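The values are calculated or read from the model by the stated rules, or taken from the named source; none is laboratory data. Predicted, not measured: the structure shown is a model, and the values here were computed from it. Using ideal geometry, Cβ is built from the backbone for each residue, glycine included, and neighbour counts are taken over all protein chains shown.
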Amino acid sequence: MTLVDILKTYWIDAELKQVEFLQETKALSILFETSERLVDPTEAERQIIELQPLVESVIFYPCEPGELMMRLKYFFRNQPADYESLVQAQRVDNTFILGPHQDAEPLLKQWNELQQFLAVNGFDGVVTIEVLSWQEIEEEIARERQQHVKNAIVSNGNGRAKAAEEVKVNRYAHKPEMVRISDILSSDGYQRVVIEGQLVTMESRRLNSGRHILDTSFYDGTGTIGVKNMYSADEFEKMNEFLKLNEYYSVTGTVQYDNFSKELLIRANRFKQAKPVPKRQDRAPVKRIELGLQTTMSEIDGIVEVDAYLKQVHAWGHPAMAITDLNSVQAFPKAYELSKQLGIKVLYGLTLRVYDDTPE
């Protein structure tokens with residue numbers, strides 16, 4: 001039995017296109033054309049490994065006739081970051097448009113080799129890559145904005161036509177504008193934006209190419225959004241030193257839909273140190289006293305730890321607070337210890353569920 005025979009056992013109309021065996025990883029990559037899909041190729045992989053003793057794993061790349069992206073995924077199988085750049089690029093037919101925040105240099109270095117590969121696979125001379133500069137983007141945004149202002153008439157809701165020049169259209173903003181994260185998450189109208197917030201998570205991973213993906217998230221009091229970008233080893237080292245958890249930063253970037261995380265995020269091109277967001281204050285001359293609080297010791301009902309409550313009450317200058325957990329007094333010891341340190345009077349209470357179990 002040959003490799004093609006095994007493929008046709010599971011993909012009846014399989015037409016083998018290319019095969020590569022990597023000696024270092026003992027992996028066999030197979031690109032083939034088929035109109036069928038196999039949910040679990042485990043059995044096919046087992047048979048191929050039995051046929052080829054040197055092979056330890058098999059990676060299948062089944063592509064439908066005329067399908068481009070799976071062929072590109074096969075070509076960039078050893079450079080996943082380059083394939084991800086194409087996935088995230090704006091695509092018009094077979095033209096991939098990359099923004100200035102995306103690293104197009106690795107793609108352009110492989111352009112001739114990629115063209116030869118595509119020509120063999122039925123895409124001779126039909127795939128192009130364009131790289132836009134910020135100036136080109138701003139000029140296009142300016143043209144669209146002028147056209148929008150020229151043509152748009154928007155009603156302001158009270159029956160009077162509002163001139164288009166008066167309408168704030170974030171989608172066509174000429175420069176990045178400061179926005180709240182909640183506005184980004186609830187709208188697709190923002191493109192280039194600036195946010196200010198607290199760095200709450202920071203993770204990174206190194207790619208086979210030696211580049212690093214830095215994956216962070218920021219919170220500004222209205223919501224949390226992911227911020228991601230790719231850096232060379234030197235750039236990553238500098239970013240790793242500059243960014244610190246729980247510090248505040250201004251982030252400038254482009255809002256995009258991330259196919260990996262399946263959510264909106266910001267592709268950042270600038271980070272700056274920012275001032276912390278002012279904390280909420282209680283300026284009332286007469287402070288209130290909360291007489292009903294349920295902590296995490298109230299199962300299902302409570303979501304805040306008792307020490308967090310006490311610290312917030314202390315920050316607002318409240319003299320006392322009551323704890324009224326449901327069927328529980330387990331928060332009392334911690335509340336007692338911390339209240340003595342903070343000088344807050346705690347009113348120890350309890351909410352009880354009472355059942356009548358008197359026999360009828």
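A few comments on the model shown:
- Any hit, the stretch 270-292, residues being over 26 Å from the mean Cα position of the chain (by Cα) and surrounded by 17 or more Cβ atoms within 10 Å (Cβ to Cβ): no
- Any hit, the stretch 10-20, residues being surrounded by 18 or more Cβ atoms within 10 Å (Cβ to Cβ), farther than 26 Å from K228 by Cα, among the small types (G, A, S) and within 30 Å of the chain's Cα centre (by Cα): no
- Strands (runs of 3 or more DSSP E) fully within the stretch 206-311 that include at least 3 residues being at pLDDT below 90 and charged (D, E, K, R): 263-273.
- Unmet requirement for Y61, which otherwise passes all of (1) in contact with a Leu (Cβ under 9 Å, 6 or more places away or on another chain); (2) hydroxyl-bearing (S, T, Y); (3) more than 29 Å from N229 (Cα to Cα): (3)
- Check on S261, closer than 20 Å to Q102 by Cα and exposed (fewer than 13 other Cβ atoms within 10 Å of the Cβ): yes
- Residues satisfying the stated conditions in the stretch 293-319, i.e. farther than 30 Å from E247 by Cα and exposed (fewer than 15 other Cβ atoms within 10 Å of the Cβ): E299, I300, D301, P319
- Those residues of the stretch 19-55 which are within 13 Å of M70 (Cβ to Cβ) and in contact with a helix residue (DSSP H, G or I) (Cβ under 7 Å, 6 or more places away or on another chain), in sequence order: S29, L31, F32
- Among residues of the stretch 283-299 that are closer than 15 Å to A320 by Cβ, those with a Cβ under 9 angstrom from a residue that is surrounded by 12 or more Cβ atoms within 10 Å (Cβ to Cβ) and of a type in the set (D, E), sequence gap 6+ or separate chain, pair up as R288/D282; L293/D325.
- Summed over the stretch 241-255, the residues that are more than 19 Å from V277 (Cα to Cα) and within 19 Å of the chain's Cα centre (by Cα) give a count of 3.
- Residues located in the stretch 339-351, provided they are part of a loop (DSSP other than H, G, I, E, B) and either loosely packed, with under 10 Cβ neighbours inside 10 Å or of a type in the set (D, E, K, R) (or both): G343
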